[in-house]
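What follows is a short report on a single structure.
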Amino acid sequence: MATPELIKNATRRIAEIKKKNDVVVVVSAMGHTTDGLLELAHKITNEPKARELDMLLTAGERISVALFSMGLEKLNLKAVSFTGSQVGIITDTRHTDARILEIRGERIKKALSDNKIPVVCGFQGVSPEKEITTLGRGGSDTTAVALGADLVAERCIIYTDVDGVYTEDPNRFKGVKKIDKISYAEMLELSSRGAQVLHPRASNIAARFNIPVEVRNSFNNKPGTLITHIGGIEKPRPTAITHSENLYLVTLVQVPRKPTYLSQIVTELTNAGIHLKFFFHGISDAKQFDLSFITPLNERRQARTILNKVAKKLKINLIKESLEICSVSVIGTGIGSENRILAEIFNTLSKVKTHIDAVTTSELSINIFLKKKYLNKAIDSLLDKFHLRK
């Protein structure tokens, strides 16, 4: 959607699909439009109100749907563009990061019955109070899968700039394999841990409503990756690796060891919507301890503001912060309970002299926190160890 020519290319692809199937199109803003609008906002004020940001940012998708519909009409196809509110995407009141409550899709269904192609703005909706809302970055994926669930679609196709889901980022790590089919649970874990191919909320909706999702390349006709239900496997094994460099580490130094302090600090952060990726408070019996949190980097300013207030209230004198933290996540059904795999990860990383700062595990993942300087060699060694390259 970055240029008029790419929009025309996308409309031709939709025209081919329309020959065999009814189709609903969800589009995002053109190129870097959203970033440009954010930049404009911050040239006016350093702290734009969330409501006004939603009013501003939804303009990008409105441009896209109008142009896309014009492109389809140029191909002699009947099309009609809609905003999120016009097709009844009802959300909660959380501006810039709203959640979909329901979809009242009568206008889409009417357009389909009239043999028209509905072209819908991704990323946006409207609250019960008739306030325009946005779904957060990656929200167009969420819109598409949610509409697929509401319409009981045969399949939801996400067109992007890669051929599908890979065992790591193909633009960064050579020789990684494309995954032909992946389970809903594994895709959700990949998305949540840093993979950029599909938004975590879209993965979650697809899993809940059993909507097959295919990730395909906009620029060729190669088969993509199908995200669907996959039955049990005989032996747990890593399916893919992902990473995140957009993390923020903040440490409160010498926190008095009082029973209510940890609860107060965590409550303040979570009530403000801060996503805690990890926290550690030490296990010694000393009267004071260091309390560390890892959050998404884009929540740094808000987290720091809250912790400054808490530190002053609790008489904590020092806060340390670092942007040098990152995570590497090994994903696969059942691997978190497979001791052999955890041991292999530790042995592999020790051979390339990678220091591990912290580890968490779940049934679907083993997540390692380490300094950014170790990231590339850690991932390269794990890709080779688990045969995730061609």
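The values are calculated or read from the model by the stated rules, or taken from the named source; none is laboratory data. Note that the structure is predicted; figures quoted are calculated from it, not measured. Positions of Cβ are generated from backbone atoms using ideal geometry, with glycine treated the same way; all protein chains shown enter the neighbour counts.
Values computed for the structure shown
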| quantity | calculated |
| --- | --- |
| Condition met for Leu40 (of a type in the set (A, V, I, L, M, F, W, C) and assigned to a helix (DSSP H, G or I)) | yes |
| Count of residues meeting criterion [exposed (fewer than 13 other Cβ atoms within 10 Å of the Cβ) and either of a type in the set (A, V, I, L, M, F, W, C) or assigned by TED's automatic domain parsing to the domain that holds Thr167 (or both)] in the stretch 353-365 | 0 |
| Residue selected from the stretch 201-236 under the condition touching a Leu at 6+ places or on another chain (Cβ under 8 Å) and in contact (Cβ under 8 Å) with a residue 60 or more places away in the chain, by the criterion surrounded by the most Cβ atoms within 10 Å (Cβ to Cβ) | Ile227 |
| Criterion: among the charged types (D, E, K, R) and more than 22 Å from Ala59 (Cα to Cα) - qualifying residue of Arg107, Arg99, Arg155, Arg94 | Arg155 |
| Neighbours by Cβ (under 7 Å, 6+ apart or cross-chain): first from the stretch 358-371, at negative phi; second among the aromatic types (Phe, Trp, Tyr) | Ala358/Phe278; Ala358/Phe280; Ala358/Phe369; Thr360/Phe278; Phe369/Phe278 |
| Cross-chain or 6+ apart pairs with Cβ under 7 Å, the stretch 122-144 first and without any contact (Cβ under 8 Å) to a residue 40 or more places away in the chain, then acidic (Asp, Glu) | Ser127/Asp92 |
| Inter-residue pairs, beta-carbon under 7 Å, first polar (S, T, N, Q) and in the stretch 4-17, second part of a helix (DSSP H, G or I), 6+ apart | Thr11/Phe68; Thr11/Gly71; Thr11/Leu72 |
| Single match in Ile368, Ile335, Ile331, Ile345 (criterion: modelled with pLDDT under 95 and either surrounded by fewer than 21 Cβ atoms within 10 Å (Cβ to Cβ) or of a type outside the set (Gly, Ala, Ser) (or both)) | Ile335 |
| Given (1) in a helix (DSSP H, G or I); (2) under 26 Å from the mean Cα position of the chain (by Cα), index of the condition Val359 fails | (1) |
